[in-house]
Amino acid sequence: GDNIIASVTVETEGPKKIKTENRVAVLILDCSGSMGHWVQRSVTSWQRALRVQNYKEDDEVHTIEFESRTTTNHHKLSKLDGLGMYCRGGTSMSGVVPELLKLVKKYKDKTINVWVISDGGIGDQRQFKEAFTKDMAAHMNSPNINVVGVRLCSGYSDPDIQAMSAVGLLSTQ
């Protein structure tokens, strides 16, 4: 009638197959001392989330681990829960920018799913934001980059939502 706002069509053929071959998973993980036992627990939780999203056990996934230094690693999804990762160092995030830029350029033709997990204030917040806005400017608001940020609040620190949110500028979602 005249009062219809929207019309919804429901397909009853069953679930559609999700295309998984054209996406890349990246975890930007705070490995500073304050993360404690949450480092490996965060990786294991990420592994579970990827499985729910139909990533395959032999898919290569990427971690950018930041603390006093930054390290990028590549792992098979099936191996994440056995990495034995631990906390170490301070909370310095500016090294994430060049590592993330390498991955964004390498996989520019794929959907890049980025997760950011941190619990504390970023010691080099100003440098991180300056480097990020300068070096990642060409990739901001990319339709092929999806970002999820997770703040772990332990009561001892106030997470730096500005630095973590800057990564979200890459995404239109």
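Considering (1) of a type in the set (D, E, K, R); (2) buried (at least 17 other Cβ atoms within 10 Å of the Cβ); (3) over 24 Å from Thr44 (Cα atoms); (4) modelled with pLDDT of 95 or more, the lone condition that Glu65 does not fulfil carries the number (3).
Among Gly36, Gly90, which is open to solvent by less than 40 Å² (accessible area, probe 1.4 Å), in contact (Cβ under 8 Å) with a residue 40 or more places away in the chain and in contact with a Gly (Cβ under 9 Å, 6 or more places away or on another chain)?
Result of the check over Gly36, Gly90: Gly90.
When Thr70 is evaluated against the numbered criteria (1) buried (at least 18 other Cβ atoms within 10 Å of the Cβ); (2) farther than 28 Å from Gln127 by Cα, which criterion, by number, is the only one it fails? It fails just one condition, (2). Residues of segment 73-87 that are over 29 Å from Ala138 (Cβ atoms) and either open to solvent by 40 Å² or more (accessible area, probe 1.4 Å) or assigned to a strand (DSSP E or B) (or both): Lys76, Ser78, Lys79, Asp81, Gly82, Leu83, Gly84, Tyr86, Cys87.
Looking only at segment 97-130, residues that are of a type in the set (A, V, I, L, M, F, W, C), outside any helix (DSSP H, G or I) and open to solvent by less than 10 Å² (accessible area, probe 1.4 Å) come to 3 in all.
The values are calculated or read from the model by the stated rules, or taken from the named source; none is laboratory data. If you're wondering where the values come from, they're calculated on a predicted model, not measured in any experiment. Positions of Cβ are backbone-derived with ideal geometry, glycine not excepted, and every protein chain shown enters the neighbour counts. The protein model used for the area step is the full one, side chains on, heavy atoms only, and it has no ligands, DNA or RNA in it. Shrake-Rupley method; radii C 1.70, N 1.55, O 1.52, S 1.80 Å.
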